[in-house]
């Protein structure tokens, strides 16, 4: 019997359209959009009010929280540092071998660590390896990020769309037509054959074709390490000169000025530190007042420093006698960070963030695409994917990075935080996987067992556990799940499937699956992959039921295709994070991503149909 469009269906379609539009245009934050949608669903009664916020207690959301905590525990225990050393031994300095080993390691970890978190961990590792071997980092970061996405479908452990899939299937089972068979849920390793095939495709693609497809700017974005800061940042950002000390005399016009006012003077150098009396600090805030006898740690060309010292009646010393300890390369220096898509810094100017006062960090420049912004840097409004050049104490930078508002690209000197806890971290991680695989426990219970084990044994403390959780991802996921439920409950998914079949009713299952996969991957280029999965899975299941296909196969095609996001740098947070450090342009993503998208699409369809034949 043909379905008619009801007011409830129209409302659901309106919410879907609104969600897609807002996620693409980014006029409203993604988590705010998701909260707004779930509240509207509750107010309009599209689903029972007692189920509206069940997404927050859902199996998928709890499992994602636990996985984020365990990923942080593995990093705190130094697993990634050991990984870097292992890659170095295996690669032996050869570019082709280095890229192969990095891609294989990234593919391996992507099965158990969420994509964005893994990219944040692997960027400094790749930077360190590039520095040690002389291989341009532009030849390492893009393949690494792409291989993370091709291999993320290996298990249901780290891939949010796959974790959400079971909750969507449970909702679909409630609304199946009479006589239809219940759709079974996916196990932890049910998708492994498909994921392994895609992981092999990603690694092999770059091993055989990487040198031809990857950008050839060998000298533009080399390696970023504390030992090469002067030459690297001079060539890349125009930050030239040397550090020196300026002692403010009683006659100097600087007396009584704030740091911000002094920096506005003609030909003023970068002021990186100050010592007043016995108090010395890095990155003095803009309102810090300069007094007689203050010693300023400055950066600039020698001629500019001499001219400024003469004009302002200061004594110049190129030997760091009083601030030498602050500027010791083992303790401080220039570094690069990337603004991730979930950062709270986005849409705030550098001045508004007060990074000097809050973290002791000086912003020297901001890179956005091909532009290097150095003039009036305090007025620059930050965007996702921006690369920011900083000067700071390494410890202060590490503390600032803990909140996940910035990702450190530079391989800065730091000690492994808890190397003595590595066996506890690995042990509880493996325990969680074994519980998920060999028992009937829900994925959320199994994963949270490992997370609690790491917290109890001191791999990380509770505050660090809270910081490890990407709350924006959690809210978006938990609030969009009810949108998928409402598509099932109101019959909207079945109506859309009916419209699709009216136009493609005589088409083969392969054509239907191809259309669903292409629509999903296109949506995922411009919105979150979780959002695309929530919207497309109910439609895919309805199409499968109406045509006699296997609903599990159709649903899995959608979930896997949501990670097939290689065409745009904005297609996935992991890609946005490597764009700046790698110096990639839009054409680089198209040149490398178009062939890979087609290959992944074909392998996905073939592998899933073989798995569910």
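Just so it is clear, none of the values below were taken in a lab; they were calculated from the coordinates. Please read these numbers as outputs of a predicted model, since none were measured by experiment. Every residue, glycine as well, gets a Cβ built from its backbone with ideal geometry; the counts of neighbours run over all protein chains shown.
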Between residue 43 and residue 251, what length comes free when the chain is fully extended (0.36 nm per residue of separation minus the Cα-Cα distance, one decimal in nm)?
-> 68.0 nm
The computed P(r) of the stretch 226-410 puts the percent of Cα pairs beyond 24 Å at 35
Taking 0.36 nm per intervening residue step and subtracting the Cα-Cα distance, what contour gain separates residue 349 from residue 13 on full extension?
-> 117.3 nm
Gain in length, residue 322 to residue 36, computed as 0.36 nm per residue apart minus the alpha-carbon separation, to one decimal in nm?
-> 97.4 nm
The stretch 535-613 versus the stretch 107-185: alpha-carbon centroid distance in Å | 11
Which residues in the stretch 299-318 place their backbone N less than 19 Å from a point set 7 Å from the Cα of residue 242 along the Cα-to-Cβ direction?
-> 299-310, 314-318
Using the count of nearby Cβ atoms within 10 Å as a rough guide to exposure, how do 471, 27, 485 rank from fewest to most?
-> 27, 471, 485
Percent relative contact order of the stretch 281-425, based on C-alpha pairs within less than 8 angstrom and at least six residues apart?
-> 29
What ranking of 394, 510 emerges when the number of other C-beta atoms within 10 Å of each C-beta is taken as an exposure proxy, fewest first?
-> 510, 394
Centre separation in Å (Cα based) which lies between the stretch 499-516 and the stretch 370-425 = 48
Taking r as the C-beta separation of residue 204 and residue 526 and R0 as 22 Å, the FRET efficiency to the nearest 0.05 is 0.20
So for the stretch 330-370, using the alpha carbon gyration tensor with a ≥ b ≥ c as root eigenvalues (a/c under 1.5 gives rounded; past that, a/b versus b/c decides prolate or oblate), I'd call it oblate
Work out the FRET efficiency for residue 97 and residue 591 from their Cβ-Cβ distance, taking R0 = 25 Å, and round it to the nearest 0.05.
-> 0.60
Based on other C-beta atoms within 10 Å, arrange 409, 526 from fewest to most.
-> 526, 409
Residue 315 paired with residue 508, simple spin-label distance in nm, labels 7 Å along Cα-to-beta-carbon = 8.7
With the 8 Å Cα cutoff and a minimum separation of six or more residues, the chain has a relative contact order in percent of 21
Cβ-Cβ FRET estimate between residue 499 and residue 21, R0 fixed at 22 Å, reported to 0.05 = 0.60
Nearest-ten-degree value, helix 529-547 long axis tilted from longest Cα axis of the chain = 10
Using label points projected 7 Å from each Cα along Cα→Cβ, tell me how many nm separate residue 89 and residue 609, to one decimal.
-> 4.5
Per residue, the convex hull volume that the Cα atoms of the chain enclose (Å³) | 157
Per the Debye formula with a single identical scatterer at each Cα and no solvent contribution, what log10 I(q)/I(0) holds for the stretch 520-613 at q = 0.13, 0.22 Å⁻¹?
-> -0.48, -1.05
Compactness relative to 2.2 N^0.38 Å, alpha carbon Rg of the stretch 366-460 | 1.59
